[in-house]
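The values are calculated or read from the model by the stated rules, or taken from the named source; none is laboratory data. Being a predicted model, the structure only gives us computed values, none of them experimental. Here the Cβ is made from the backbone with ideal geometry for all residues, glycine too, and neighbour counts use every protein chain on show. Protein only, heavy atoms only, side chains kept; ligands, DNA and RNA dropped before computing areas. Shrake-Rupley method; radii C 1.70, N 1.55, O 1.52, S 1.80 Å.
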Amino acid sequence: MYKKTREDAIDAADILNDMVGDFVTGVMVFKLINTISDLGSARTAAEKMCLSHLILSFDKWIEFYNQYHGLFEDQLHDECKSLKMALERRRVEDFRDRCIGHILDKKTKRPLHNSEILERLEKIVGNDLQSFLSWINNTDENVYPKTVVSIVEEARDYLIKEYKIKLEEFLHR
């Protein structure tokens, strides 16, 4: 059984606060890049950077959930677990390990071809990049539990309320 401590809750709130920023920024920068008309070939590299950042953030969510899920109860716990399971189904960790974190595929001992990377990315993003980005951070409305940002914010806010955490206990530490 997970032993819940206030110190764990403060650490978790701190991590979640950073995650909100990571998800919001990743989506916003991706969208900003697409408003700039003269990026040329740098557009693809910049989009790749944003998607890599978002996927790394997803992998952090999985690790976060595995470490801190005992701090949450009932419906919130179910939503946090559902997000983790959705990310596992999308094979986020595999993409991080094989496409972002290394130059050689451990199984084949060679670099993955672009087509192989895109195939794996498709498992994460699906057929509609804009819907995927809106699922992460709907800049018009982050309604719980419809977006990743809303789930992360709800989890952070729950910890702050449940464990009576003051913002100064985790901000700027």
Cα-projected label distance for Asp74 with Lys166, points at 7 Å along beta-carbon direction, nm: 2.9
Over the chain, what percent of the accessible surface lies on carbon and sulfur atoms, probe 1.4 Å? 52
Contour minus end-to-end for Met85 and Leu56, with contour as 0.36 nm per residue of separation and end-to-end as the Cα-Cα distance? 8.9 nm
Taking 0.36 nm per residue of separation and subtracting the Cα-Cα distance, what length does fully extending Ile100 through Phe132 add? 9.6 nm
In the chain, taking the dipole from +1 charges on Lys and Arg beta carbons and -1 charges on Asp and Glu beta carbons about the Cα centre, the listed residue (Leu16, Ile103, Phe72) farthest towards the positive end is Ile103
Quick check on the chain: what are the equivalent-ellipsoid semi-axes from the Cα gyration tensor, as sqrt(5λ), descending, whole Å? 30, 19, 15
Measure out, as a whole number of angstrom, how far apart the alpha-carbon centroids of the range 76-99 and the range 33-74 sit. 12
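Quick one: of Lys84/Lys123; Lys81/Lys123; Lys4/Lys81; Lys4/Lys161; Lys4/Lys166; Lys4/Lys123, which pairs are farther than 24 Å apart, Cα to Cα?
Going by Cα-Cα distance, Lys4/Lys123 fall outside the 24 Å limit.
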For the range 33-173: accessible area per residue (Å², 1.4 Å): 61
Hey, with R₀ at 25 Å, roughly what FRET efficiency would Thr108 and Met49 work out to, going by the Cβ-Cβ distance, to 0.05? 0.50
Using alpha-carbon pairs under 8 Å, 6+ residues apart, how would you state the relative contact order of the chain in percent? 33
Run the simple label-point estimate for Asp140 and Ser37 please: 7 Å along Cα→C-beta, distance reported in nm. 2.5
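So, by mean Cβ neighbours within 10 angstrom, what's the order for 45-51, 16-22, 107-113 with the highest one leading?
16-22, 45-51, 107-113
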